Amino acid sequence: MILGEAELVSECIAGKKHAQALLFDKYYEECYAIAMRYLSVHQDAQDVVVKAFTRIFNNLSKFERRGNGSLGRWIRTILINEALRLLRKRKITYDLDDSDNYLEIKSSAADAVQQMSAEDISQLIEKLPTGYRTVFNLFAVEGYSHAEIAELLGITASTSKTQLRKARHHLMSQLNKEEAYGTI
């Protein structure tokens, strides 16, 4: 039996286990991938997904009462907030030092990106320091503004911009290294 989104939500709220399993199965892979973008550790990502789905099932009636918006976007928002909650719990710090000396970025690095698979790019992003990776994901992947990122992370918009710039420089320097070693 195929359920529409509204029916699926209603049946989940009613406590129907088959509907809850369908919802979980429908969004698990996407949620796990998002969690890995922020956390990079398999067990942490799984823990965040489980906590997010607990929160999702506990709050589905609120989503249904609102009556508007995308279920998938609502689920992603909860998942991202759970990942950020874990990062805050671990007291991830955001580097405020602007004095880093960055490597000269080769213009051919942009061409190298064109030759990379999405998996290769994801692996480079996973290697970013946690603060850089978090801001990069929120800005470049999720589409949050620097003001929204600042509010989510308890930092200033200026710090968000700095973290994004440093993440980009770090990614480009990694591309330059990989290009120099012929791994691209």
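In segment 5-89, how does Rg compare with the Kirkwood Rh, expressed as the Rg/Rh ratio over alpha carbon atoms?
Details: Rg = 12.7 Å, Rh = 13.0 Å.
That ratio equals 0.97.
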- [ ] List every residue whose amide H lies under 5 Å from the amide H of Thr156, counting only residues 5 or more places away in sequence or on a different chain, with H placed 1.01 Å from N in the peptide plane.
- [x] none
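If the limit is 32 Å between Cα atoms, which of Lys62/Lys166; Lys62/Lys91; Lys17/Lys161; Lys26/Lys89 go over it?
Values: Lys62/Lys166 39 Å; Lys62/Lys91 30 Å; Lys17/Lys161 44 Å; Lys26/Lys89 29 Å.
Flagged as over cut-off: Lys62/Lys166; Lys17/Lys161.
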TODO: Provide the per-residue ³J(HN,Hα) series for segment 135-149, in order, calculated from phi with Karplus coefficients 6.51, -1.76, 1.60 and θ = phi - 60°, each as a whole number of Hz, with x at glycine and proline positions.
DONE: 5, 4, 4, 4, 7, 7, 9, 8, x, 6, 7, 5, 5, 5, 4
Open item on the list: Can you compute 3J(HN,Hα) from phi for each residue in segment 39-44, using the Karplus curve 6.51 cos²θ - 1.76 cosθ + 1.60 with θ = phi - 60°, rounded to whole Hz and x for Gly and Pro?
Closed with: 10, 6, 10, 3, 5, 4
- [ ] Report relative contact order for segment 5-89 in percent, whole number only (criteria: Cα-Cα under 8 Å, sequence separation at least 6).
- [x] 36 percent
Task: For segment 51-61, Karplus couplings with θ = phi - 60° (6.51, -1.76, 1.60), whole Hz, Gly/Pro x - done: 4, 4, 5, 4, 5, 4, 5, 6, 10, 4, 5
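Throughout, read-outs are computed from the coordinates displayed, never taken from laboratory work. All values reported here derive from a predicted model rather than from experimental measurement.
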